[in-house]
Structures are given as structure tokens and as C-alpha cells.
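Undergrad: Below you will find the structure I want to go over with you.
The values are calculated or read from the model by the stated rules, or taken from the named source; none is laboratory data. Bear in mind that the values here come from a model prediction, so they are computed numbers and not experimental data. Cβ sites come from the backbone with ideal geometry, for glycine too, and all protein chains shown count toward neighbours. Just so you know, the surface numbers come from the protein's heavy atoms only, side chains and all, with ligands and any DNA or RNA stripped out. Shrake-Rupley method; radii C 1.70, N 1.55, O 1.52, S 1.80 Å.
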Amino acid sequence: MTHVRITAESGIPLMGSLYFGVIDRGTSLLQVRPSCGCNLNCPFCSVDAGPESKTRATSYEVEMEYLLEAVDEIARFKGEGVECHIDSPGEPMMYRHLPELVAALKGIGCVTAVSLQTNGTMLTDISIAALESAGLDRINLSLHALDPDMARMLAGVEWFDIGQVSEAARMVANSRIDLLVAPVYIPGINDAEIPKLIRFAQECGAGKRFPPLGIQKFEHYRYGRSPKGVKAQSWWQFFNRSIRPWEKEHGLRLQLDMERDFGTVRRQFVPLTMAKGDKVTVEIRAPGWIHGEMLGVAKNRVVSVYNCEKESGQVRVKIVSAKHNIYTGQPV
Ligand code: SF4
């Protein structure tokens, strides 16, 4: 695995890639991605992360000051009431400067909340206290089962200890950080675990300011992992066959609304600098996430170039996707 450190001097912008930097989906919530390493091997991982990944060729880490400059600029463009959600395609707690990053993000004028997605394995009394002092508002805890064997199987590592993670969840719920339990429902696998997780969230004090639960829908992704025999539900099946019956059984609203529940509102997109179909010259600056991919730079954005044979210099590419300022291209 190649490790790439992204600094101001690297000449790699912090918009344009799904792997690191800042992602703007046209709302007041910014996804902030400081690194992308992971310590688990979940068999349903949407991004094929972790030590046993078959597709990942590169790990990225962004210098904190450089990341803060980018967030500051984008947050000022978005205006008052920005939430920074730290949600690396991996485990963000593996970023060495996480408490410092949280504190600095909270210090940005337009930022009113900072939240973190984590698998919980690195939450200890010490790390929770550091994140609490830094001013972290919410932890979205990816916890998919309470049964020890099922939880271990879904983490993909023998050492996974559900006792440690559930104890950490209780510590978070008892701190000034709010807890949101965010299991992925994998049909046919953890059906019996979801009601247990709902009861756990209700009883441990999750959801002081935000909802206690955010059940996520399992999806198949091109470069992700899917457990054998599992078929993703349609959105209709997810809400009508799963969410609604659980809502009735537990007397709890589980279908969340970004504005009502998190205060996330639509905001103008940071302008695209390229459009789908454009032909541009990119400067290759780093290896890509998967083999055969390189990261190029053009017009102040990262472009993921697939089937790229050159490892440096300039490549002429056609932009094949530009949605949400995430760019992919093919050599022409
Ligand atoms: S699902 Fe999350 S915790 Fe599990 S391997 Fe993927 S990135 Fe890591």
C-alpha cells in the first residue's frame, strides 16, 4: 500500500475526490475527510476498506492546517450554520490529530456543529474525554449487532470486542457528546439485532439533542464488499417492510429528516470548475485508490483518472462524471 501525505506543497486540491478533503452535496453539511485507513474488514464495506482490502492501492492523509484552510474557505461560502461531519472512507479515529482537528473546526466562524462517524473500536475513556474537550457535538456509531459472534463476524476481525464498544457507547452517551447509533441493516443477516440495537440506544441515553438512531440501508457498490447471498432492498422495501414495523414496535421515529433532525438545509453548491463531457489536461500528482487509477489535477480540482497508463506528467482526459464536485475522467 502506498501512503500519500497531502500538504499545501503537494499541489493536490482538497475538492474533487471522494477519498480525502471536503465533499459538498449542496447543503449546509460538509463531509470532512482527513484520512482513509481502517482497522476493520466489515464484509459489507461499501468502500472495500481495511487491512484485507483487495482493491485499495493507496492510503491518503491530509495535513491538518491545509484541511482547515479548505474547510474555512468553503464554510464562509456556505454561510452561518455549517455542520462539519468527519466521515472518512475508513475509520477517522485513525487520524492522529483528530481532537485538534475537531477543536479547530469548532473555531471556524460559520461552523456550528462538528460530528464524527466511527466504528467505536478506538473509543476509550481517554479518547472520549479528548473529543469532549475539543467540543465534538455528536458521534454516529456504526454498530451493527450486539450478539458477540455476529458483531465479530460483521467487523471482519477476530479481536472485535462488543463489550468494549458498547461500554464506549455508554460513556459517550454520558458525556457532553451526543450519541447516534447508526447500524447498517443487512437483510437476512442482522434482522434480529436491529430491535436489540434500538432498545440499547433508548436505554443507554443516546439522542440527547439529535435522534438516537439512524438505521442505514445496505447497498451494493462497484468497488465495495457484499456478504454472499445478500440482496439490497429497494427504498420502498426498506421503509415499508423494515423501518415502519420497527417504528411501530418501539414507538420511535426512525425515518429521519435532515432538516428537522439535524438542521441541515439546502445551500448553494461550491461552483463546479468542469462539466461532464469536458476535455481537459490533468497533471498527474498521485497514485489512485485502486490499481489502474491515478489522481490528476485540473482547474483546482482532483480528477480520478481510470485506465491511466502514465504515472506522472500531463494526460488529456474526458470528464465522465462531475456530480457534487467529484470528478472522474478517462484518457482520450
Ligand atoms: S464499513 Fe467502515 S469500519 Fe467497516 S471496513 Fe468499511 S470503512 Fe471500515
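Undergrad: Filter the stretch 25-36 down to residues that are surrounded by 21 or more Cβ atoms within 10 Å (Cβ to Cβ) and of a type outside the set (Val, Ile, Thr) and give me whichever is nearest to the ligand (Cβ to nearest atom).
TA: So, considering only residues that are surrounded by 21 or more Cβ atoms within 10 Å (Cβ to Cβ) and of a type outside the set (Val, Ile, Thr), the one nearest to the ligand (Cβ to nearest atom) is Cys36.
Undergrad: Scanning the stretch 277-295 for residues that are acidic (Asp, Glu) and part of a strand (DSSP E or B), which turns out nearest to Arg222 (Cα to Cα)?
TA: Glu293
Undergrad: Looking at the stretch 45-52, can you tell me whether even one residue there is in the same structural domain as Val111 (by TED's automatic domain parsing) and surrounded by fewer than 18 Cβ atoms within 10 Å (Cβ to Cβ)?
TA: So far as the stretch 45-52 goes, yes, one or more of its residues are in the same structural domain as Val111 (by TED's automatic domain parsing) and surrounded by fewer than 18 Cβ atoms within 10 Å (Cβ to Cβ).
Undergrad: Let me ask something else about it. When the stretch 116-156 is examined, which residues are found to be in contact with an Asp or Glu (Cβ under 6 Å, 6 or more places away or on another chain), within 16 Å of the ligand (Cβ to nearest atom) and in a strand (DSSP E or B)?
TA: Matches in the stretch 116-156: Gln117 only.
Undergrad: Answer yes or no: is there a residue in the stretch 144-158 that is crowded, with 21+ Cβ neighbours inside 10 Å and more than 26 Å from Leu256 (Cα to Cα).
TA: No, the stretch 144-158 contains no residue that is crowded, with 21+ Cβ neighbours inside 10 Å and more than 26 Å from Leu256 (Cα to Cα).
Undergrad: Separate question: Could you look through the stretch 297-319, keep only residues that are assigned to a loop (DSSP other than H, G, I, E, B) and free of Cβ contacts under 8 Å to residues at least 40 places away in the same chain, and pick out the one that is most open to solvent (accessible area, probe 1.4 Å)? Before you say what the answer is, go through the steps one by one.
TA: Quick first cut of the stretch 297-319, residues assigned to a loop (DSSP other than H, G, I, E, B) only: 299-300, 307-313.
Add one more test, that the residue is free of Cβ contacts under 8 Å to residues at least 40 places away in the same chain, and what stays is 299, 307-313.
Values: Lys299: 121, Asn307: 112, Cys308: 17, Glu309: 177, Lys310: 98, Glu311: 150, Ser312: 74, Gly313: 27 Å².
The qualifying residue most open to solvent (accessible area, probe 1.4 Å) is Glu309.
Undergrad: Near the ligand (Cβ under 10 Å from one of its atoms) and either touching a residue at least 12 places away in the same chain (Cβ under 8 Å) or among the charged types (D, E, K, R) (or both) - does that describe any residue in the stretch 76-85?
TA: no
Undergrad: Would you check if there is a residue in the stretch 63-84 being in the same structural domain as Ile186 (by TED's automatic domain parsing), out of contact with any Leu (no Cβ under 6 Å at 6 or more places or on another chain) and closer than 19 Å to His144 by Cβ?
TA: No, the stretch 63-84 contains no residue that is in the same structural domain as Ile186 (by TED's automatic domain parsing), out of contact with any Leu (no Cβ under 6 Å at 6 or more places or on another chain) and closer than 19 Å to His144 by Cβ.
Undergrad: Sticking with this structure for a sec: Please count how many residues of the stretch 37-67 are charged (D, E, K, R), under 24 Å from Val102 (Cβ atoms) and within 16 Å of the ligand (Cβ to nearest atom).
TA: 1
Undergrad: Check the stretch 172-181 and report whether any residue there is assigned to a helix (DSSP H, G or I), open to solvent by 30 Å² or more (accessible area, probe 1.4 Å) and assigned by TED's automatic domain parsing to the domain that holds Thr55.
TA: Scanning the stretch 172-181, I find no residue that is assigned to a helix (DSSP H, G or I), open to solvent by 30 Å² or more (accessible area, probe 1.4 Å) and assigned by TED's automatic domain parsing to the domain that holds Thr55, so the answer is no.
Undergrad: A further question on this structure: Any idea how many residues of the stretch 34-54 are at positive phi and of a type outside the set (Gly, Ala, Ser)? Quick ask: steps written out before the conclusion?
TA: First pass over the stretch 34-54, keeping only residues at positive phi: 48, 50.
If we keep only those that are of a type outside the set (Gly, Ala, Ser) too, we end up with 48.
The qualifying residues number 1.
Undergrad: Among the numbered conditions (1) open to solvent by 50 Å² or more (accessible area, probe 1.4 Å); (2) of a type outside the set (Ser, Thr, Tyr); (3) under 22 Å from Leu272 (Cα atoms), tell me where Met94 comes up short.
TA: (3)
Undergrad: Hey, any hits in the stretch 145-166 for a residue that's of a type in the set (Gly, Ala, Ser) and in contact with a strand residue (DSSP E or B) (Cβ under 9 Å, 6 or more places away or on another chain)?
TA: Initially, the stretch 145-166 is screened for residues of a type in the set (Gly, Ala, Ser), giving 145, 151, 155-156, 163, 166.
Next, only the ones that are in contact with a strand residue (DSSP E or B) (Cβ under 9 Å, 6 or more places away or on another chain) stay: none.
No, the stretch 145-166 has no match at all.
Undergrad: Quick one: which of Ala104, Ala169 is within 16 Å of the ligand (Cβ to nearest atom), assigned to a helix (DSSP H, G or I) and among the small types (Gly, Ala, Ser)?
TA: Ala169
Undergrad: Only one residue in Thr264, Thr281, Thr273 is modelled with pLDDT of 95 or more, open to solvent by less than 20 Å² (accessible area, probe 1.4 Å), polar (S, T, N, Q) and touching a strand residue (DSSP E or B) at 6+ places or on another chain (Cβ under 7 Å), so which one is that? Explain how you work it out, then say what you get.
TA: Values: Thr281 fails: open to solvent by less than 20 Å² (accessible area, probe 1.4 Å); Thr273 fails: open to solvent by less than 20 Å² (accessible area, probe 1.4 Å).
Result: Thr264 is the single residue among Thr264, Thr281, Thr273 that is modelled with pLDDT of 95 or more, open to solvent by less than 20 Å² (accessible area, probe 1.4 Å), polar (S, T, N, Q) and touching a strand residue (DSSP E or B) at 6+ places or on another chain (Cβ under 7 Å).
Undergrad: Being assigned to a loop (DSSP other than H, G, I, E, B) and out of contact with any His (no Cβ under 8 Å at 6 or more places or on another chain) is the requirement here; does Arg253 meet it?
TA: In short, yes.
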